[in-house]
1. Report yes if residue 59 is in contact with a Cys (Cβ under 8 Å, 6 or more places away or on another chain), assigned by TED's automatic domain parsing to the domain that holds residue 123 and crowded, with 17+ Cβ neighbours inside 10 Å, otherwise no.
2. Check off (1) outside any helix (DSSP H, G or I); (2) in contact (Cβ under 8 Å) with a residue 12 or more places away in the chain for residue 76 and give me the number that stays unchecked.
3. I'd like to verify a number: residues in the stretch 98-113 that are in a helix (DSSP H, G or I) and buried (at least 21 other Cβ atoms within 10 Å of the Cβ), how many?
4. In this structure, is residue 70 in contact (Cβ under 8 Å) with a residue 60 or more places away in the chain and in a loop (DSSP other than H, G, I, E, B)?
5. Can you say whether residue 116 is buried (at least 16 other Cβ atoms within 10 Å of the Cβ) and more than 17 Å from the chain's Cα centre (by Cα), as far as the supplied structure shows?
6. Does residue 123 count as within 30 Å of residue 156 (Cα to Cα) and either surrounded by 15 or more Cβ atoms within 10 Å (Cβ to Cβ) or among the acidic types (Asp, Glu) (or both)?
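The values are calculated or read from the model by the stated rules, or taken from the named source; none is laboratory data. This is a predicted model, so every value here is computed, not measured. Positions of Cβ are backbone-derived with ideal geometry, glycine not excepted, and every protein chain shown enters the neighbour counts.
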Amino acid sequence: MNLALKDPLVKGHPLHAMLSDLPVGALTLGIACDIVGLVSQRPIWRFSARAAHTGAFLSGLVAAGLGLWDYQAVPREHPARRVGALHGYLNASMLTLQLASLLARRESLAPADGRPSATAFTLATAAFATLAVSGWLGGELVFHLGWRVIPAEHAEQLESALRERGDSGLIDQAHETIQRYERTHALLP
């Protein structure tokens, strides 16, 4: 009986990528509720922000667990390994900031009106900034390194076989085509 842990994929779709939108959306909603609460000073916005930030933290824990599980499949020598590790460390930092923001949102620490505490808002904003950088690295994993889009191992195996046959010209041509596409089609190349 094979007890090896399978990859977190459903019909070829990575669970981590599917669920990572939840903490991003909830954190964005939480900060938006914080801002409305700062302006309106109505307690309902403080409650809404706390609920959204709690959702961001809890869904972030699930996404982080799936990301760590997915990370186990990255070969040690693959460039996605280093980028994936940094992506994970930043997400762990974001979760720490988010937890600290939630702790700062306790009723005993909240202002009497509907505003969030300055500490809670600052920590949530720092969590959002950290998440933005981590998201950039997640894009690097997917769009530049091909991780979990089409298994990067396939392209590496094809390149290796072509190089062994002496067909490196085809590889160079493919790389140039991709670079040319990025230069001509990217919003900011």
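1. On the way: in contact with a Cys (Cβ under 8 Å, 6 or more places away or on another chain): no; assigned by TED's automatic domain parsing to the domain that holds residue 123: yes; crowded, with 17+ Cβ neighbours inside 10 Å: yes.
Answer is no for this residue.
2. So residue 76 meets the others, but not (2).
3. Going residue by residue through the stretch 98-113, those that are in a helix (DSSP H, G or I) are 98-104, 107-109.
From what's left, buried (at least 21 other Cβ atoms within 10 Å of the Cβ): 98, 101.
Counting residues in the stretch 98-113 that are in a helix (DSSP H, G or I) and buried (at least 21 other Cβ atoms within 10 Å of the Cβ) gives 2.
4. Answer is no for this residue.
5. Answer is yes for this residue.
6. Judged against the criteria, residue 123 is not a match.
This table checks each residue for (1) at pLDDT below 85; (2) in the same structural domain as residue 87 (by TED's automatic domain parsing); (3) of a type in the set (Ser, Thr, Tyr); (4) farther than 19 Å from residue 84 by Cα.
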residue	(1), (2), (3), (4)
133	no, yes, no, no
136	no, yes, no, no
139	no, yes, no, no
143	yes, yes, no, no
156	yes, no, no, no
160	yes, no, yes, yes
165	no, no, no, yes
171	yes, no, no, yes
